[in-house]
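Reading through the structure tokens given below for one structure.
The values are calculated or read from the model by the stated rules, or taken from the named source; none is laboratory data. Treat the numbers as computed from the prediction; the structure is a model and nothing was measured. Glycine gets a Cβ as well: all are built from the backbone with ideal geometry, and neighbour counts include every protein chain shown. Accessible surface areas use protein heavy atoms only, side chains included; no ligands, DNA or RNA. Shrake-Rupley method; radii C 1.70, N 1.55, O 1.52, S 1.80 Å.
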Amino acid sequence: MDKKFYITTPIYYPSANFHIGHCYSTIIADSIARYKRLDGYDTFFLTGSDEHGQKIEKKAQEAGITPKEYVDKIVENAKDLWEQLDISYDRFIRTTDADHVKCVQEIFKKLYDKKDIYKGEYQGLYCTPCESFWTETQLVDGKCPDCGREVQLVKEEAYFLKLSNYQKQLEKFIEEHPDFIQPESRKNEMLNNFIRPGLEDLCVSRTSFKWGIPVTFDPNHVVYVWIDALSNYLTALGYCSNDTRMMEKYWPADLHIVGKEIVRFHTIVWPIMLMALDLPLPKKVFGHGWLIIDGGKISKSLGNYKDPREYIAKYGRDAVRYYVLREIPFGNDGNFSEEALVSRINSDLANIWGNLVNRTVGMANKYFDGKITNKGVIQEIDMPLLKELDELKINTDKLIDELQISKVLELIFDVLRLCNKYIDETTPWALAKDENQLERLETVLYNILEAIRITNILLRPFMPTSTEKVIATIHSDKNEFSDSHFLNDLTYIVDKTPSPLFERIQ
Ligand code: MSP
């Protein structure tokens, strides 16, 4: 069977320029996509922007421009940000793209024809910034439970999606697919707080504003922005086009990466839409935690953040990537601060990784004029390191499948730390003083270069730029995942004067 992997980020609202929180989702997805590609999977990585809705219409009005002009600017800015972060998406889908618009209209019509969508009247509470409907009981202190802002009472003729029809089927699916919602705690939350108490039909059209995809057979209505947005995962595969190859190859999605606040849409509304369309459900939805600042969510509407480009310019893209991936444990929130970023750069990137590469290259130059081959003089003391290297890829594969991204980095950096310890224990500088120990010395340096090469291969998905630098410094041509085990017969010719991988920051 062909190995394929379809991974998505949420498509973000271009209501303001993206912040480090959006970078987080996108960097995780990019790292996993890169990992799978290097691991031989035919990978499709989708990201994009969710451009319709009342909030964007209002923002554009305030700015005195059309909604399309408004989002165009922000999307351009976002694409530049993704380029600066080296995000390797295969498509950036915009919900204003013609193929998406047409496909959402077809999906809506299909569900209407099947009677899964019907016309009724909506009266309810709406949070415009979150584009979410709430019931009285879901409010917290009378306000939106997600963002804490005022909700408005809206009353209008509307179409509804029959969530209630699919409740049992969804419950059964979630119970039978324990991996579908990750982490486990979010699965329980969805089942106990939302699904089991009973699903109310969802209002899926609006008439009170215009900035949306018109319902073809009732053009006073625009499609509810979440129905529009979720469909992107299908429309990007050409679901409504005549060319079915992408759908056949990539659907169902292997992994939807989403923030914890939108797990609800991805594990209730989305699966029900798919069931109604007779399509298989995605394999996994991962609801990650938030990057928080001083205990609160970083948010466009709170305005408590800097342009991520400032950090990239100051510390480099890989430092930013490493920091957000390392700092947030599986599914939990993680604090974002520039101080902690600097401290990670110093403690991990400069002191452990950079230092190891520098020391090793320095010794290879000093003792062997930069050329190292394997002399095979192995001793007992080498075993722990060689064993770690042997098992490393198996362990990172497992952690990636469990979405323990922070742990993957921790594990690889443990091996780098072990290398530094290995140098201290094998004392190359002492071996160098003894004519009879030169073959042993060269073996030690070979082992360390192998460790640098193997860890570097596995770090490539996370830090694409710095790992290229290491490859150039040790002149390795064995850098594929299939080479990520100890090779006996390489010749290393290292750079004479390598520039440091990461500078310590004062
Ligand atoms: N447009 C919807 C998603 C539709 S997907 C079919 C949306 N957009 S959003 O602009 O509000 O972005 C939400 C996503 O951005 C979150 O789910 C999360 O992935 C990411 N983040 C936004 N702020 C974040 C943090 N402070 N920390 C981590 N991620 C956060 O919801």
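Looking at (1) more than 8 Å from the ligand (Cβ to nearest atom); (2) not in a helix (DSSP H, G or I), which one does Ile28 not meet, given that it meets all the others?
Unmet for Ile28, out of (1) more than 8 Å from the ligand (Cβ to nearest atom); (2) not in a helix (DSSP H, G or I): (2).
When you go through Glu480, Glu435 one by one, which is the residue that is free of Cβ contacts under 8 Å to residues at least 12 places away in the same chain and open to solvent by 30 Å² or more (accessible area, probe 1.4 Å)? Spell out the reasoning first.
Numbers: Glu480 fails: free of Cβ contacts under 8 Å to residues at least 12 places away in the same chain.
Glu435 is the lone residue from the list that is free of Cβ contacts under 8 Å to residues at least 12 places away in the same chain and open to solvent by 30 Å² or more (accessible area, probe 1.4 Å).
Return yes or no: is Val225 under 27 Å from the mean Cα position of the chain (by Cα) and within 16 Å of the ligand (Cβ to nearest atom)?
Against the criterion (under 27 Å from the mean Cα position of the chain (by Cα) and within 16 Å of the ligand (Cβ to nearest atom)), Val225 qualifies.
Working only within the range 128-147, note down all residues that are open to solvent by less than 40 Å² (accessible area, probe 1.4 Å) and modelled with pLDDT of 90 or more.
Listed by number, the residues that qualify are Leu139, Cys144.
Hey, could you check the range 163-180 for residues that are acidic (Asp, Glu) and in contact with a Lys or Arg (Cβ under 8 Å, 6 or more places away or on another chain) and say which is nearest to Asp278 (Cα to Cα)?
Looking at residues that are acidic (Asp, Glu) and in contact with a Lys or Arg (Cβ under 8 Å, 6 or more places away or on another chain), I get Glu171.
Quick one: count up the residues across the range 330-359 that are within 16 Å of the ligand (Cβ to nearest atom) and farther than 30 Å from Ile448 by Cβ.
9
Give me the residue from the range 1-25 that is among the polar types (S, T, N, Q) and assigned to a loop (DSSP other than H, G, I, E, B) and, out of that set, farthest from the ligand (Cβ to nearest atom).
The qualifying residue farthest from the ligand (Cβ to nearest atom) is Asn17.
Among the numbered conditions (1) touching a Pro at 6+ places or on another chain (Cβ under 9 Å); (2) buried (at least 16 other Cβ atoms within 10 Å of the Cβ), tell me where Phe45 comes up short.
If we test Phe45 against (1) touching a Pro at 6+ places or on another chain (Cβ under 9 Å); (2) buried (at least 16 other Cβ atoms within 10 Å of the Cβ), just (1) comes out false.
When both residues are 6+ apart or on different chains and their Cβ atoms are under 6 Å apart, which pairs have a first residue that lies in the range 322-337 and is over 25 Å from Lys187 (Cβ atoms), and a second that is away from the ligand (no atom under 11 Å from the Cβ) and in a helix (DSSP H, G or I)?
Note: pairs meeting the criteria are Tyr323/Leu341; Tyr323/Arg344; Arg326/Ser406; Arg326/Leu409.
Just the residues that are of a type in the set (A, V, I, L, M) and away from the ligand (no atom under 14 Å from the Cβ), please, taken from the range 230-288.
Once the filter is applied, which keeps residues that are of a type in the set (A, V, I, L, M) and away from the ligand (no atom under 14 Å from the Cβ), the range 230-288 yields Leu237, Met246, Met247, Ile272, Met275, Ala276, Leu277, Leu279, Leu281.
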